[in-house]
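See below for the structure under consideration.
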Amino acid sequence: MKKLEGKVALVSGSGRGIGREIALKLAADGACVVVNDLDETFADETVAAVEQAGSQAIACVGSVTDADFGERFVHTALDAFGGIDIIVNNAGYTWDNVIQKMTDEQWYAMIDVHMTAPFRILRAASEFIRGAAKREAEEGREVFRKVVNISSLAGVGGNTGQLGYGAAKAGVNGMTRVMAKEWGRFRVNVNSVAFGLIRTRLTEAAAGAGEIKVEGREIKVGVNPDVMKTLEAGIPLGRGGTPEEAAGAIYLFCIPESNYISGQVVVCSGGFMF
Ligand SMILES: NC(=O)c1ccc[n+]([C@@H]2O[C@H](COP(=O)([O-])OP(=O)(O)OC[C@H]3O[C@@H](n4cnc5c(N)ncnc54)[C@H](O)[C@@H]3O)[C@@H](O)[C@H]2O)c1
């Protein structure tokens, strides 16, 4: 029996990168997945890959920052699969600047995508979760549900040039701790995984050479190759992590073995701290 057979997982930003790998990993262990991405083509590709792996998936395309997205995401899961067991708040990107150059637009973009969107998704899921937990308690059953919020070392130890991103990624860890307490009685484990350097398009492109399109904005991402070498040399495990390894850390908080762990921020960085 697969560990996540019959479970329903919602993974935001799962068209590419770490999110895609977690969607595939949860599906390989039996979960049905609601895939989300800004980009329909990539969301559809993840859905096809999940189906090829023998599980079921449906796309819920759009920006997690849309005011009605949380409701849409949750209702897609309930309509398609009849439940919600795992929520991974992964969608996000970096839009960096030092404080004197950071605009209000940049600041709010980071707060919106990394903090407000997870808040709205969890709020939208709360009615179903409270109702399901109440029914299960009346039946004398303990059913654990899982929330994994994706954070960053920038939100744990800070990172120069990432004020909005670092503040928002610290904020989501605050949300993890509060929600672990609010939802403990509903048997929901709420944890954060804070990544160090993971090799995705956010870090792989040479600085400034990589441009991502997010909600009509063109944002430069990437790390200068020399800086990348220095960064990797400082990682005790000797290199950046792969998206598959990053997904592995999230998976740990989605399986029954982590049922008694909640409210934690776990760093996945190859041993690197600050
Ligand atoms: N790569 C790293 O080194 C690293 C380190 C720390 C934290 N993180 C975090 O991990 C998460 C995933 O990043 P990644 O490296 O896989 O990046 P990625 O760009 O490879 O993948 C992120 C996906 O999220 C989608 N996305 C972005 N904004 C969205 C929005 N508003 N609505 C819906 N989808 C949206 C993108 O289209 C993309 O497909 C992010 O929250 C990021 O901040 C990454």
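Please treat every number below as a calculation from the coordinates, not as lab data. Predicted model only: the values in this text are computed from it and were never measured. Glycine also receives a Cβ, built like all others from the backbone with ideal geometry; neighbour counts cover every protein chain displayed.
Here are a few things to note about the model shown:
- Cross-link table 7/169; 134/169; 2/146, entries beyond 25 Å C-alpha to C-alpha: 7/169; 134/169
- Fully extending the segment from residue 237 to residue 264, taken as 0.36 nm per residue of separation minus the present Cα-Cα distance, adds 7.4 nm.
- 5 Å-binned pair-distance histogram of region 1-90 (Cα, whole percent): 3, 18, 30, 28, 16, 5, 1, 0
- Rounded D (µm²/s) - region 1-155, Kirkwood Rh over Cα pairs, Stokes-Einstein at 37 °C, 0.692 mPa s: 204 µm²/s
- Where trypsin sites (Lys or Arg not before Pro) fall in DSSP loop in region 169-254, at most 14 other Cβ within 10 Å: 239
- FRET efficiency for residue 137 and residue 105, using Cβ-Cβ distance with R0 set to 41 Å, rounded to 0.05: 0.35
- Straight-distance crosslink candidates among aspartates and glutamates, where the alpha carbon sits under 20 Å from residue 181 and sequence neighbours closer than 8 are dropped: 85, 127, 136, 142, 257
- Distant-in-sequence amide H partners of residue 195 (H built 1.01 Å from N, under 5 Å): 151, 152, 153, 268
- Restricting the calculation to alpha carbons of region 109-263 gives Rg and Dmax of 18.0, 59 angstrom.
- Modelled FRET efficiency - R0 35 Å, residue 255 with residue 218, Cβ distances, 0.05 increments: 0.35
- Amide H contacts under 5 Å for residue 88: 10, 11, 12, 148, restricted to partners 5 or more places along the chain or on a different chain, H placed in the peptide plane at 1.01 Å from N.
- For region 105-187: rounded, prolate or oblate by the Cα gyration tensor [a/c cutoff 1.5]: prolate
- Whole-percent pair-distance distribution, where bins are 10 Å wide, for the alpha carbons of region 190-274: 17, 38, 31, 14, 1
- Magnitude of the charge dipole for region 1-97, about its Cα centre and with charges confined to Cβ atoms of Lys, Arg (+1) and Asp, Glu (-1), is about 400 debye.
- Shape of the chain, Cα gyration tensor, a/c cut at 1.5: prolate
- Gain in span if fully extended, residue 2 to residue 75, counting 0.36 nm per residue against the direct Cα distance: 23.7 nm
- Peptides ranked, highest mean first, by Cβ atoms within 10 Å: ranges 48-60, 76-88, 143-155: 143-155, 76-88, 48-60
- Placing +1 on each Lys and Arg Cβ and -1 on each Asp and Glu Cβ, with no other charges, gives the chain a dipole about its Cα centre of roughly 800 debye.
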